[in-house]
Amino acid sequence: MPEGLQLAEIAAQFLLDAPVAAIEPLGNGQVNDTYRVRLEGSESPCFVLQRLNTQVFPQPELVMGNLVQFSAHVERRLRQGFPGLRGRRWEVPRILPARQGTQSWLEADGSFWRLVSFVANSESFETIDGLAQAREVGHGLGLFHALISDLPVEGLADTLVGFHITPTYLEQYHAVLGTGPISDDPDVAFCRAFVGEREWGVAVLEEAKARGDLPLRPIHGDPKINNMLMDVASGEAIALVDLDTVKPGLVHYDIGDCLRSCCNPLGEETSDWAAVRFDPQLCDAILQGYAAAAGSFLTPTDYDYLYAAIRLIPLELGLRFFSDYLAGNTYFKTRYPRHNLDRALVQFRLTASIEEQETAIRSIIDGLR
């Protein structure tokens, strides 16, 4: 990880209006390295400096191309007066150009860097704090989808080929299993059995897409709770950040991932995985907020597949964590050797809790139609 002085030198190569005063780590992302940049002067705004993980994003220039298209589209809709906001504040991170050349990124010492504006007077959370906040998170995701619903997917690059394609993750899991002996740890045995009992249903969304039942739309790709920024004063959702995964996909991926992240009151990093449960009241509040902002472009068939998405996405993430653990922790950042195994157990327990409450969740979805 670069030292502070080197980080300041990198940040200074972007078009900032004042010298860099301080740089500090920001957030706890599992892929990129992220820092908050403070400038000299008490009134100066802050910025976010990120080093993109080029092992995850092997063509980072495509990531930036999508981000530029997304930002320009949303800013244009906001200038025109997007009616869905109804006076609400909504922010789009502004991309700063590099001082040299015409690019909106910097390549230095084999690393790929970008600098974007920091959303002031905002905060993020690791777990949901009550039903009102849950509704706001859902409303924020709905606004995000509504704002980009007319952004042509043909112009967006697929920056993560295979992302959220659950059958592909299952194939990768079986490939890892075939590479050598597997630990006799009882938690590993539990995870293997859990996946084996559910392999039959992993293609449900992809099969619906192939039939034309579910259309490709622009999606965020990673709308977990700590990527939703809330206004400090009002508590309203005002931005959805971490936009590397903006790409063509199914809105069901986003809805399922949002609920996966938000409806587990213990959070995805809890050590008490056996106590994890899916909270249907939080699910109801999030979906009510989402439908209020985005219900106009959802079709009856979209609603038909919501439960499948809610169940599938935590299973998919658990499968990814478990596969990464078996492969030696090569993708997700970890703090200790079995971190990804523990993460997988959390997601599998969340999946089981969703299955146990299928009737209640389907009733919530039916109430939205």
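The values are calculated or read from the model by the stated rules, or taken from the named source; none is laboratory data. For clarity, every value in this text was computed on a predicted model and none was experimentally measured. Cβ sites come from the backbone with ideal geometry, for glycine too, and all protein chains shown count toward neighbours.
Here are a few things to note about the model shown:
- Residues of region 90-107 satisfying the condition of being charged (D, E, K, R) and surrounded by 15 or more Cβ atoms within 10 Å (Cβ to Cβ): 91
- Remark: pairs (first residue in region 330-358, assigned by TED's automatic domain parsing to the domain that holds residue 315; second residue among the aliphatic types (A, V, I, L, M) and surrounded by fewer than 17 Cβ atoms within 10 Å (Cβ to Cβ); Cβ separation under 7 Å; 6+ apart in sequence or on different chains) = 349/274.
- Contact map, region 99-114: residues that are assigned by TED's automatic domain parsing to the domain that holds residue 51 paired with residues that are modelled with pLDDT under 85, Cβ distance under 6 Å, separation 6+ or inter-chain. Pairs shown: 112/54.
- Options 327, 292: the member that is surrounded by fewer than 17 Cβ atoms within 10 Å (Cβ to Cβ), in the same structural domain as residue 175 (by TED's automatic domain parsing), more than 22 Å from the chain's Cα centre (by Cα) and touching a residue at least 12 places away in the same chain (Cβ under 8 Å): 327
Quick grid of which residues meet (1) over 16 Å from residue 245 (Cβ atoms); (2) assigned to a helix (DSSP H, G or I); (3) more than 17 Å from the chain's Cα centre (by Cα):
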residue	(1), (2), (3)
56	no, no, no
65	no, yes, yes
78	yes, yes, yes
81	yes, no, yes
89	yes, no, yes
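- Checking each residue in region 339-356 for being surrounded by fewer than 17 Cβ atoms within 10 Å (Cβ to Cβ) and in contact with a helix residue (DSSP H, G or I) (Cβ under 7 Å, 6 or more places away or on another chain) picks out only 355.
- Qualifying residue in region 12-30 (condition: within 27 Å of residue 141 (Cβ to Cβ), β-branched (Val, Ile, Thr) and at pLDDT 90 or above): no
- Among the residues making up region 128-162, those that are part of a loop (DSSP other than H, G, I, E, B) and crowded, with 18+ Cβ neighbours inside 10 Å are 128, 151, 156, 159, 160.
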